[in-house]
Amino acid sequence: MQQFPNPLLALNYLPAFAGLGEDYFDQVVAAKFPQHILRFRNDDLLPILGLPPAGVTDADFIEAFGKFQGLQPFLAMRYHGYQFGEYNSALGDGRGFLYGQVRGLDGELYDFGTKGSGTTPYSRGGDGRLTLKGGVREVIASETLHRMGVRTSRCLSLVETGESLWRGDEPSPTRSSVMIRFSRSHIRFGTFERLHYLGRKDLIRKLLDHVLEFYYPHLFNPEANERDRQIAYSQFYAELVQRVATLTAQWVAAGFCHAVLNTDNMSITGESFDYGPFAFINTYDLRFTAAYFDYSGRYCYGNQPAICHWNLEMLQRPLKAVIAIAEMEAALANFAAQFQAAYYQQMLYKLGFATPPSPDSEALVQQTLQLLQLTQTSYPGFFADLTQQFSPAWRDESERILNLADFARTDEQITCLKQWRQQYHHCLLETSPEQLDAMATTLHCYNPQVVPIRPYIEAVWEPIVQEDNWEPFYELLRQVKE
Ligand code: AMP
Ligand code: MG
């Protein structure tokens, strides 16, 4: 066996996806880049891989995740997908590949997936590259979502690669990068959709068994008879519906608009990933649309639950080869209620309540949304202020609740704020003393003081462009994590 001094190359790579065989991927090679500058390394992730951060040098990162020396082969994953409602059979990893898979100390199987590592058979005339700004934005999105408790992929590294790229949506030429995404699988809804398109029921079933084995192990039993397998498949779909409903609720509560919820950007593990033109909302606006090319607002902030429901419905087409359609329809019928329950729970967390304080605490969520809608005050700012100003003494005196708030100006807004205070106070009265003490922690857990709305991202990008100053970017990441 080959010995690597580089701990990233010496990891115990597990060829799980590779084990499925050539029907699911193409072997590819990485591009050679003129330059390699490590701009971000995610030391928080190394312990999950059993690596002490101090034992991994920047040069190790560059060798493994910039120069791509050591491991082979790399797999460009094959998939199709519905993009803006239209089926596209010309997709697949066009600028990335599966670098390798490693089981974390937490027992989960993680993908190292590249983005920007060069062309593949699926590049469709594209350059296979990732802009540096695109890489910076994905790092910010995933670190923020993770901080807010959203089940998301993370970035393991970002290396600037010294090329000039031309893009319609960035001042060009613009700088290039290659990123390693750390995720629970890059198998997408679209991976199944492609197999349906090809009429390969056998490959759908094989892929489904793989998904169960590695990502839903509690449902996997290789010894099971046919009837028990069918039950497990149905349970898988029902669990996926629940996971996606929860994820969607987490996005909406976090004030996050993914922007491109095509079925090729939906993970079969229900994890959030692939951040392009995403945005965190500034003010509460259900119609807010993040992608400039989303002319109809299909993927607007408030439409995310409906779109995820639609995506799950489309997934029934390939899965009906192996799962009874009636069972899937019954599971999907629960989506709206599951989303609502998860959304209320997430919003109550953001309001500081780890458990619902009273049977009518949903009314507090409604009142909060009404206040945010009516005043158009900063969505992240409202929760950051609540977190900073919260005091258990609010229980004794309702007038003190968020008494520094200056966003209610009109009579209607002032009335709404008063009603909100009453609701909040009512919930505090229903809260036990122990819970009251825990509220500051809950508030802090779900509400960072800084949420990177677009102007903040632009403000850290500008010094990078102007003077190659990366300090504001690192500072933003520190603040988000606080
Ligand atoms: P995305 O919008 O990043 O989810 O990508 C959608 C599809 O376009 C995927 O098949 C990508 O691999 C492909 N793609 C996006 N950008 C590029 C590029 N610069 N070069 C080649 N393929 C790309
Ligand atoms: Mg994608």
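Bear in mind these aren't lab numbers, they're just calculated from the coordinates by the rules spelled out. From a predicted model like this one, the values you see are computed outputs, not experimental measurements. Virtual Cβ from ideal backbone geometry, glycine too; neighbours counted across all protein chains shown.
Between their Cα atoms, which of Lys32/Lys133; Lys67/Lys133; Lys32/Lys67; Lys201/Lys320; Lys67/Lys481; Lys115/Lys206 are more than 18 Å away from each other? Exceeds cut-off: Lys32/Lys133; Lys67/Lys133; Lys67/Lys481; Lys115/Lys206.
Taking the average, over residues, of other Cβ atoms within 10 Å as the packing measure, peptides 166-175, 325-334, 228-237, 72-81 rank 72-81, 228-237, 325-334, 166-175 from highest down. Seen from Tyr343, the other residues with C-beta closer than 11 Å to its C-beta sum to a net charge of 0, counting Lys and Arg as +1 and Asp and Glu as -1.
Ratio of Rg to Rh for the range 184-275: 1.01 [Cα atoms; Kirkwood radius as inverse mean 1/r over pairs].
When you count the other C-beta atoms within 10 angstrom of each residue and take the mean per peptide, 426-439, 82-95 line up highest first as 82-95, 426-439. Compute the angle between helix 454-467 and the longest alpha-carbon principal axis of the chain, please, reported from 0 to 90 degrees and rounded to the nearest 10. Taking Cα atoms only, the helix is inclined about 50 degrees. Considering the range 335-446 at the alpha-carbon level, its Rg and Dmax are found to be 13.3, 40 Å. Restriction of the chymotrypsin sites (Phe, Trp or Tyr not before Pro) in the range 7-43 to DSSP coil positions whose beta-carbon has at most 11 other beta-carbons within 10 angstrom yields no sites. Computed over the alpha carbons of the range 387-482, Rg followed by Dmax gives 18.4, 54 Å. Here Lys350 is the anchor, and the aspartates and glutamates within straight C-alpha reach of less than 15 Å, apart from those fewer than 8 places off in the same chain, are Glu362, Asp385.
Give me the angle, in degrees from 0 to 90, between the Cα long axis of helix 361-375 and the longest principal axis of the Cα atoms of the chain, rounded to the nearest 10. Approximately 90 degrees, to the nearest 10. Within the shell defined by Cβ-Cβ distances under 12 Å, the residues around Asn6 carry a net charge of -2, with Lys and Arg each +1 and Asp and Glu each -1. How large is log10 I(q)/I(0) at q = 0.20 Å⁻¹ when the Debye formula is applied to the Cα atoms of the range 119-277, each weighted equally and without solvent? The calculated log intensity ratios at q = 0.20 Å⁻¹ are -1.31. Calculated on the Cα set of the range 1-146, radius of gyration then Dmax: 15.9, 48 Å.
Peptides 412-418, 316-322, 52-58 ranked from most to least packed by the mean count of surrounding Cβ atoms within 10 Å: 316-322, 412-418, 52-58.
Given the range 285-337 reduced to its alpha-carbon atoms as identical point scatterers, what log10 I(q)/I(0) does the Debye formula return at q = 0.19 Å⁻¹? Rounded to two decimals, the profile gives -0.70.
Listed from fewest to most Cβ neighbours within 10 Å, the set Phe97, Phe473 follows the order Phe473, Phe97. Answer rounded, prolate or oblate for the range 68-164, using the Cα gyration tensor with square roots of eigenvalues a ≥ b ≥ c: rounded when a/c is under 1.5, else prolate when a/b is larger than b/c, else oblate. Rounded, since a/c falls under 1.5. Just the number, please: Stokes-Einstein D of the range 153-235 in µm²/s, Kirkwood Rh from C-alpha pairs, 20 °C, 1.002 mPa s. Translational D for this selection: 132 µm²/s. The long axis of helix 132-147 is offset from the longest Cα principal axis of the chain by roughly 50 degrees.
Only helices enter this figure: runs of n ≥ 4 DSSP H residues, each worth -39500 (n - 2.57), summed and divided by the residues of the chain, yield -13500 deg cm²/dmol at 222 nm to the nearest 500. The residues packed around Gly104, meaning those with a beta-carbon under 12 Å from its beta-carbon, carry a net charge of 0 if Lys and Arg are +1 and Asp and Glu are -1. The trypsin sites (Lys or Arg not before Pro) of the range 12-77 that DSSP puts in a loop, and whose beta carbon has at most 12 other beta carbons within 10 Å, are Lys32. Semi-axis lengths, largest first, of the ellipsoid equivalent to the chain are 38, 29, 21 Å, with √(5λ) applied to each eigenvalue of the Cα gyration tensor. Computed over every Cα-Cα pair of the range 272-376 and binned at 10 Å starting from 0, the pair-distance distribution P(r) comes out as 12, 32, 34, 19, 3, 0 percent.
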